[in-house]
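Comments concern the structure below.
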Amino acid sequence: MSYEIAKIEVDEAIPEVRFACDLKACRGACCTMPGANGAPLREDEVEEIERAFPVIRKYLSREHLETIRLGGLVDGPPGDRTTPCYNSRACVFVTYEEGIAKCAFEKAYWKGEIGWRKPLSCHLFPIRVGRTNQLRFEYIPECRPALERGKKENIYVSDFLKDSLTRAYGSSWYAAFKRLCSGHRNGDTLSDPDDV
């Protein structure tokens with residue numbers, strides 16, 4: 001079952017999930033998971049990456065820069081773009097701080113060096129957006145500390161991802177989403193999910 005808010009489907013499991021990243025425990029595992037593909041990209045993000053790369057390259061390792069030199073800043077054809085990976089594992093845009101994988105784009109963003117934070121798919125994680133605009137929670141074992149922290153501190157994923165969900169869908173949509181989540185947990189349903 002799922003709910004719908006302004007043509008965006010929300011899996012019914014999402015309102016129940018308590019989640020808050022614990023980087024000291026996971027070491028940024030979501031940025032270094034094994035696999036052939038990196039983070040999914042929207043087409044407009046390719047231009048953002050190209051514009052930001054001269055600024056963020058100083059944060060990248062020699063190996064990651066060489067991977068970019070040989071293969072480019074993005075992988076895949078239009079409509080199916082992803083970030084490249086180093087050794088089929090770490091995103092090439094990862095930078096390490098005290099052994100923790102972090103996003104070089106986000107580092108530059110917080111320093112005021114660029115105006116774009118990072119790919120939306122990364123910002124929304126652990127919520128994934130399906131091809132039919134369905135939002136679903138994606139569990140990976142490396143995120144168990146985040147689930148434990150969320151439960152301990154009573155932080156719901158809907159609250160933890162406020163900034164990214166607002167960035168993706170706007171503040172009115174997020175307000176409706178919050179009402180849906182609260183209503184779901186209280187045993188109610190959103191009376192007018194399209195009223196955003």
Note to self: Taking 22 Å as R0, compute the FRET efficiency from the Cβ-Cβ separation of residue 166 and residue 44 and round it to 0.05.
What the structure shows: 0.80
Next item on the list: Using P(r) over Cα pairs in 5 Å bins from 0, in percent as the read-out, say which of [x] 1, 7, 15, 19, 19, 16, 12, 7, 3, 1, 0; [y] 1, 8, 16, 21, 22, 16, 9, 4, 1, 1, 0; [z] 1, 7, 13, 15, 14, 12, 9, 7, 5, 4, 3, 2, 2, 2, 2, 1, 1, 0, 0 was calculated from these coordinates.
Entry: [x]
Next item on the list: Show that you can apply the helix-only estimate: for the chain, add -39,500 (n - 2.57) for every DSSP H stretch of four or more residues, divide by all residues, and state [θ] at 222 nm to the nearest 500.
Entry: -11000 deg cm²/dmol
Next item on the list: Quick one: how many lysine pairs does the stretch 48-196 have with C-alpha atoms less than 18 Å apart and a gap of 8 or more or different chains? Give me the count, please.
Entry: 10
Note to self: To check you understand DSSP bridge types, tell me what percent of the beta bridges within the chain (both residues inside) are antiparallel, rounded to 5.
What the structure shows: 90
Check: Across 5 Å bins from the origin, how do the percents of Cα pairs in the stretch 27-115 run, short distances first?
Finding: 3, 15, 26, 28, 21, 7, 1, 0
Next item on the list: Starting from the Cα of residue 182, step 7 Å along the direction of its Cβ; do the same at residue 65; then give the gap between the two resulting points in nm.
Entry: 5.0
Notebook entry, point to check: In nm, to one decimal, how far is the residue 142 label point from the residue 113 one, both placed 7 Å along Cα→Cβ?
Noted result: 2.3
Next item on the list: Measure nothing fancy, just the Cα-based angle from helix 144-153's long axis to the longest principal axis of the chain, in degrees from 0 to 90, nearest 10.
Entry: 50
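Just so you know, all these numbers are worked out from the coordinates, no wet-lab data involved. Because the structure is a prediction, the values reported are computed rather than measured. Neighbour counts run over all protein chains shown; Cβ positions are idealised from the backbone, glycine included.
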